[in-house]
Amino acid sequence: HMYGSNMGDLHVDIRTEGGAWVEDIIPVLSGQQSVDGDDWNIASIDISAYLSSDVQVRFRVITGDNFRSDICIDDFRLLAPLSNESVTLF
């Protein structure tokens, strides 16, 4: 949910165990993404290339310069791949 006249940016980064952060694994979402204040957008991110070890996911938000920016993340889930590989989620 990104709604407001002065919306900032949403970045998604990932890091594998012992590795450095890989920033912006998807294109940066910048500016208003919602048509009205009640819109929620659904996004899926394929992180299968990073699953050789434990991973950390980081959401970085750079807010707008006044109170009229609103970024919300809700219902975040990690799902196992659609293969025979096993993934432990905790």
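The values are calculated or read from the model by the stated rules, or taken from the named source; none is laboratory data. Because the structure is predicted, anything quoted here is derived from the model rather than measured. Ligands, DNA and RNA are stripped out before the accessible areas are found, and what is left, the full protein with its side chains, is counted by its heavy atoms. Shrake-Rupley method; radii C 1.70, N 1.55, O 1.52, S 1.80 Å.
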- [ ] Go through (1) open to solvent by less than 60 Å² (accessible area, probe 1.4 Å); (2) modelled with pLDDT under 80 and name the single condition PHE90 misses.
- [x] (1)
Task: Selected residue (only one of ASP9, ASP75, ASP54, ASP46 is at positive phi and at pLDDT 70 or above) - done: ASP75
